[in-house]
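Remarks on the structure that follows.
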Amino acid sequence: EGANDSTSAEDGLVALLALVSAASEVHAELTRRGVPDETAWVSLSDLGQQVHIHRVVHGEFGLSSQTWCAANYTGRLLWLGRLQYTLERDWLGATPEGGYVLSVHIPEAGPLKPESIDESLRLAREIAFPAFADHAPRTAVLHSWLLDAGVLAELSPESNMARFARRFVPIGEPSPGYRDALFFGFHIEPDGDVDLDALPQDTSLQRAIVRRLKAGGVTVSSGVLRNWP
């Protein structure tokens, strides 16, 4: 994941160069906090994923998710196995006392197999909690269009996506997710109406998105991870 900041290609390239030049310093800070050397470099490699997604969406070299990447280069992001985690303030009210949480993100790195999710959560407990001990994150949350109840209802209950979603207890109010569903589901940055019938429907998730967009839309919803830690 990563938000599109709607900036020019020239600005994106300047930001990309700045982030690359700062990578070694961010790596040093992560390892100072106890993050393993390889894990620190993997976490920083999210920048490369964002450049790849920019090319897929826009057909050119660049970086449109500048705000997302710059925030992560403060050392708040850890890429641990199948999932990513960012340290964030608890704006959802997921914990009684407020404070900080680990926000879960789903990079484009293959299926959400239950065993890979279990392993990632184990790594989060072993690496992320100690690394961010000075902010004491209390729980993990997910804020994503992949928690849209309508989309999930279209999927088999035994699908990897549905099983992953059941790990989270819904919280808060949903918000519009039209852009998120198209951007992350089809690598399209919508500019006006999109011909939904022309979208690829190669997977059950893509078919579910199209049906929900036709039936009333997709929302971005939030959830708190069950049984954490």
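The values are calculated or read from the model by the stated rules, or taken from the named source; none is laboratory data. Every value quoted in this text rests on a predicted model; they were computed, and no experiment measured them. All Cβ positions, glycine included, derive from the backbone under ideal geometry; neighbour counts span all protein chains shown. For accessibility, only protein heavy atoms count, side chains too; no ligands or nucleic acids. Shrake-Rupley method; radii C 1.70, N 1.55, O 1.52, S 1.80 Å.
Below, the figures for the structure above:
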{"read-out": "Failed item in (1) open to solvent by 80 Å² or more (accessible area, probe 1.4 Å); (2) under 27 Å from Ala140 (Cα atoms); (3) in a helix (DSSP H, G or I), with Glu173 passing the rest", "value": "(3)"}
{"read-out": "Every residue from the range 153-170 that is open to solvent by 40 Å² or more (accessible area, probe 1.4 Å), in a helix (DSSP H, G or I) and not acidic (Asp, Glu)", "value": "Ala153, Asn160, Arg163"}
{"read-out": "Neighbours by Cβ (under 8 Å, 6+ apart or cross-chain): first from the range 165-184, touching a residue at least 60 places away in the same chain (Cβ under 8 Å); second outside any loop (DSSP other than H, G, I, E, B) and of a type in the set (Phe, Trp, Tyr)", "value": "Phe184/Trp145"}
{"read-out": "Residue match in the range 189-196 (condition: assigned to a helix (DSSP H, G or I) and open to solvent by less than 60 Å² (accessible area, probe 1.4 Å))", "value": "yes"}
{"read-out": "Some residue of the range 65-73 being part of a strand (DSSP E or B), touching a strand residue (DSSP E or B) at 6+ places or on another chain (Cβ under 8 Å), among the polar types (S, T, N, Q) and closer than 29 Å to Glu115 by Cα", "value": "no"}
{"read-out": "Verdict on Ile117 being of a type in the set (A, V, I, L, M, F, W, C) and open to solvent by 20 Å² or more (accessible area, probe 1.4 Å)", "value": "no"}
{"read-out": "Residue in the range 97-114 that is out of contact with any Asp or Glu (no Cβ under 7 Å at 6 or more places or on another chain), over 26 Å from Glu173 (Cα atoms), open to solvent by 10 Å² or more (accessible area, probe 1.4 Å) and part of a helix (DSSP H, G or I) present", "value": "yes"}
{"read-out": "Some residue of the range 54-61 being open to solvent by less than 10 Å² (accessible area, probe 1.4 Å) and touching a residue at least 40 places away in the same chain (Cβ under 8 Å)", "value": "no"}
{"read-out": "Residue count, the range 107-142 (criterion: over 29 Å from His54 (Cβ atoms) and among the aliphatic types (A, V, I, L, M))", "value": "3"}
{"read-out": "Among residues of the range 198-211, those that are in contact with a Ser or Thr (Cβ under 9 Å, 6 or more places away or on another chain) and not hydrophobic (A, V, I, L, M, F, W, C), counted", "value": "1"}
{"read-out": "Among (1) modelled with pLDDT under 95; (2) surrounded by fewer than 14 Cβ atoms within 10 Å (Cβ to Cβ) - the single one Ser24 does not satisfy", "value": "(1)"}
{"read-out": "Any hit, the range 199-221, residues being open to solvent by 50 Å² or more (accessible area, probe 1.4 Å), outside any helix (DSSP H, G or I), in contact (Cβ under 8 Å) with a residue 12 or more places away in the chain and within 18 Å of Ile53 (Cβ to Cβ)", "value": "yes"}
{"read-out": "Tally of residues being out of contact with any Gly (no Cβ under 8 Å at 6 or more places or on another chain), in contact (Cβ under 8 Å) with a residue 24 or more places away in the chain and open to solvent by 50 Å² or more (accessible area, probe 1.4 Å) across the range 120-132", "value": "1"}
{"read-out": "Any hit, the range 78-87, residues being open to solvent by 40 Å² or more (accessible area, probe 1.4 Å) and either of a type in the set (Phe, Trp, Tyr) or within 19 Å of Ser21 (Cβ to Cβ) (or both)", "value": "no"}
